[in-house]
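What follows is a single structure, written as structure tokens, with notes after it.
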Amino acid sequence: MRFRPARRSELPLLRDIERAAGEPFRALGMGEVADDEPPSLGLLERYLLGGRCWVAAEEDTDRPVGYLIADRIDSAAHIEQVSVHPTASRQGVGRGLIDHLADRAGQQGLRALTLTTFAEVPWNAPYYTRLGFRTLAEDEIGAGLRAVRAQEARSGLDRWPRVCMRRENAAGAGQ
């Protein structure tokens, strides 16, 4: 896999990746999550122009099979979305995208990565725990993450348990 910035021409494909990655939620009774509309082309373009949208592309075809968009929240690199097409799952694509972000964050002196996710979905919180993230206690959640969680609640995502998670970023620790 190659990890690189997304290209404007690939933005519609990222939406397709998101839709495909959402399908497994149906088997967990989370059809609303599977049916959720991916980020708009305009939003993805803002991430692209801001240098905060990366893809995992196949070596031979250079076709994206996963993507990650990130924000800076509470002095951390915040994973807004990371999605991998099911045909490329269980191949280290998500881990690679997260490690790619960690490298970029470290270059900016950011000491941590954060995300919000479903607590009980196997490829969400349990997966991120295996990647070194930990669930934040209520008193560890900063104002920015609280705002993210409030928006998620307004969107109906609190129908299922959600958590804020954090991973210290060794790449940014010494800067």
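Descriptive notes on the structure:
- Each residue in the stretch 152-175 was checked for being under 24 Å from Arg104 (Cβ atoms) and either open to solvent by 50 Å² or more (accessible area, probe 1.4 Å) or assigned to a helix (DSSP H, G or I) (or both), and 8 of them qualify.
- Within the stretch 101-115, the set of residues being out of contact with any Ser or Thr (no Cβ under 9 Å at 6 or more places or on another chain) and open to solvent by 20 Å² or more (accessible area, probe 1.4 Å) comprises Asp103, Arg104, Gln107, Gln108, Gly109.
- Exclusive hit being open to solvent by less than 20 Å² (accessible area, probe 1.4 Å) and not acidic (Asp, Glu), set Ser40, Ser89, Ser83: Ser83
- Pro126, sole failed condition from (1) out of contact with any Ser or Thr (no Cβ under 8 Å at 6 or more places or on another chain); (2) in a helix (DSSP H, G or I); (3) in contact (Cβ under 8 Å) with a residue 12 or more places away in the chain: (3)
- Residue satisfying all of: in the stretch 32-58; in contact with a Gly (Cβ under 8 Å, 6 or more places away or on another chain) and among the hydrophobic types (A, V, I, L, M, F, W, C); nearest to Arg72 (Cα to Cα) among these: Val55
Results for (1) under 20 Å from Gly132 (Cβ atoms); (2) assigned to a strand (DSSP E or B), shown as yes or no for each residue.
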| site | (1), (2) |
| --- | --- |
| Asp60 | no, no |
| Ile79 | yes, yes |
| Val82 | yes, yes |
| Thr87 | no, no |
| Arg90 | yes, no |
| Ile98 | yes, no |
| Ala102 | yes, no |
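- The residue list Tyr67, Tyr47 contains one member that is within 23 Å of Arg149 (Cα to Cα) and either open to solvent by 10 Å² or more (accessible area, probe 1.4 Å) or without any contact (Cβ under 8 Å) to a residue 12 or more places away in the chain (or both), which is Tyr47.
- Residue that is nearest to Ala70 (Cα to Cα) [pool: residues in the stretch 1-42 that are among the small types (Gly, Ala, Ser) and in a helix (DSSP H, G or I)]: Gly42
The values are calculated or read from the model by the stated rules, or taken from the named source; none is laboratory data. Here the structure is a predicted model, which means the values were calculated and not measured. A quick note on method: Cβ atoms are made from the backbone with ideal geometry, for glycine too, and the neighbour counts reach across all protein chains shown. In case anyone asks, the SASA skips ligands and DNA or RNA and just uses the protein heavy atoms, side chains included. Shrake-Rupley method; radii C 1.70, N 1.55, O 1.52, S 1.80 Å.
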